[in-house]
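Scroll down for the structure; my scribbles are underneath it.
The values are calculated or read from the model by the stated rules, or taken from the named source; none is laboratory data. Small disclaimer: the values here were computed from a predicted structure and weren't measured. Cβ: placed from backbone, ideal geometry, glycine included. Neighbour counts: every protein chain shown. Protein only, heavy atoms only, side chains kept; ligands, DNA and RNA dropped before computing areas. Shrake-Rupley method; radii C 1.70, N 1.55, O 1.52, S 1.80 Å.
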Amino acid sequence: MNIRFLRQTLKLIVLTAMLVTMLVVLSACDEEAAVVNEEIIEDAINVPEDYSTIQEAINAAAEGDVIVVAPGTYNENINFLGKSVTLQSTNPKDPEVVEETVIDAGRSGSVVTFESAEGEGTVLSGFTITGGGGKMATLEFEVEGEAMEETANYGGGIFIVNLSEPTIKNNIISKNVAQRGGGLLVYNASPILTDNIIKDNSSTGGGGGMFVAHSKGLQVRDNEISGNIADRSGGGIAVSGQGDVPSIFENNTIAGNRAQNGGGFSVFEADPEIRNNNIIDNHAYQDGAAIFIFRASPDISGNEFNDNLADARGGAVAVYLGSSPVIKDNIVTGNEAQIGGGGFLILMDADPSLENNTIAGNRSRRGGGLLIAEGASPTLLSNDITGNITERFGAGIYVLASEPVIEGNNISDNDARRDGGGIYITGESIVTLLENSFENNSSNQGGAIYVAEGSLLELNDPDDNVYEGNVPDQIHEE
């Protein structure tokens, strides 16, 4: 018993020694981490400890400095003065810290200004930016090849010009106003915008959330852009003109924005890449609830357009006047237009390419899925056009005075309350139909296709389209 007791005692002593050693090591690690953290705090410029205002800290900062701002409300406008510095809250990844670290301009000018060619090393991270009224400036725009100057208030929350390339991340940009760019203006600049919330800003002109003009290589990724309003175009984002490198808008959620045209997005004479975004629940008082495209050729791919509403035409996308976008691999569902084109409006000499999109469950008075009109000549290739509804004509596609090429599409289960379940063709249109499948479409006349007098179908001989289960008939020609 004594030997066994001695062995147990020795084991207990050894285990205790090991535990003490581990605690000492962990304590040493904690002390080392504390020293590291202390060094970071010591190296940073702290507001309000070192300087009472953020601008004073920027004025005093040297290249490469980090300025750390404690939670609180700072009533000021700030200008980075061309300095490569990092301005951040105490924890940009913590939403509560971001909400509580506020820069409020009190409607006096832009909240934050980058106008001295700041580079990517200039960083703004972890703030709520609010109360901006925009900066008065005269900027030059090119419209239809002619230069024009416009003096206005630009960039309510953030004003970015003169080749500046700052990194702007993890901020809330909210409740700012301007004539253009309620939340932000980007003009002749190339910032990186990631992981921001841009919400509830407003513009009396274009770009309730953001106005981008004559900028190249802009990167807008992983942001939430919601609840913004523009009186004219681009409730969420307006893009006008561009540099020699396309701007990229990727993996953003663009939701609940409103404008006259382009509730979510408007693109004028520019060719950005718009890909893998969720563009949902936006509202246009006229055309293009999700995106309005005018004399532009953006690349639009991999997006989801859901539940957008246009009071006139183009429940999801409106393509106007000579535009030639590539629209590929998108999901377009549940959108509505009161007059025409529940999913797409393609109008006035536009010739977009639509390939491999799902256009389903949209509705409108004419053209539940698509309205193609007034000299448009789109190419529709390998799309799934299904389950769309129209109160009148052309549940799948309505074609008026246009010349589309429609090849290899699945056009099925569309329902027209009057004529043209799959396609309605009128206005002396010439429609080329090749290797499409028309199944289970329904209407009053022309279950698959209705061709009004004066219009023409161009088919292979023999006809290589497939017709099955359309009600009451396959093709009705006047």
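Overall, the accessible surface of the chain at a probe of 1.4 angstrom is composed of carbon and sulfur to the extent of 49 percent. Placing +1 on each Lys and Arg Cβ and -1 on each Asp and Glu Cβ, with no other charges, gives the chain a dipole about its Cα centre of roughly 1480 debye.
Solvent exposure of the chain, expressed per residue, is 41 Å² of accessible area, with all protein chains present and a 1.4 angstrom probe. Using Cβ point charges alone (K and R +1, D and E -1), the dipole size of segment 139-230 about the Cα centre works out to roughly 420 debye. Between P378, S353, G394, the Cα set farthest toward the positive side of the dipole of segment 352-428 (charges on each charged residue's Cβ, about the Cα centre) is that of G394. Label sites at S353 and S382, each approximated as a point 7 angstrom past Cα along Cα to Cβ, lie 1.2 nm apart.
When Rg and the Kirkwood radius Rh are both evaluated on Cα atoms of the chain, their ratio Rg/Rh stands at 1.19. Relative to one another, the C-alpha centroids of segment 318-351 and segment 228-262 are positioned 16 Å apart. For segment 334-393, the equivalent ellipsoid built from the Cα gyration tensor has semi-axes of 18, 15, 7 Å, listed from largest to smallest. With the gyration tensor restricted to C-alpha atoms of segment 53-113, the semi-axes of the equivalent ellipsoid amount to 18, 16, 9 Å, longest first.
Global dimensions of segment 391-478 from alpha-carbon coordinates: Rg and Dmax equal 11.2, 34 Å. Take 167-177, 412-422, 53-63, 447-457 and order them by the average number of nearby Cβ atoms within 10 Å per residue, most first; the result is 412-422, 167-177, 447-457, 53-63.
The Cα atoms of segment 72-164 define a convex hull whose projected area, averaged across directions, is 6.8 nm².
Each Lys and Arg contributes +1 and each Asp and Glu -1, all at the Cβ; summed about the Cα centre of segment 261-400, the dipole is approximately 360 debye. A simple count of charges around L193, restricted to other residues whose Cβ falls under 15 Å of its Cβ and scoring Lys, Arg +1 and Asp, Glu -1, yields -4. Neighbours of N77 by Cβ distance under 15 Å: Lys/Arg scored +1, Asp/Glu scored -1, total -2. Near S297: Cβ cut-off under 14 Å, other residues only, Lys/Arg at +1 and Asp/Glu at -1. The net charge is -4.
Taking the charge dipole of the chain about its Cα centre, with +1 at Lys and Arg Cβ atoms and -1 at Asp and Glu Cβ atoms, the residue from A452, I254, L434 reaching farthest to the positive side is I254. What aspartates and glutamates could a cross-link reach from K83, if we take a straight Cα to Cα line under 19 Å and drop same-chain neighbours fewer than 8 places away? The reachable aspartates and glutamates, counting only those whose Cα sits under 19 Å from K83, are D43, D50, E56, E63, D65, E115, E118, E120, E165.
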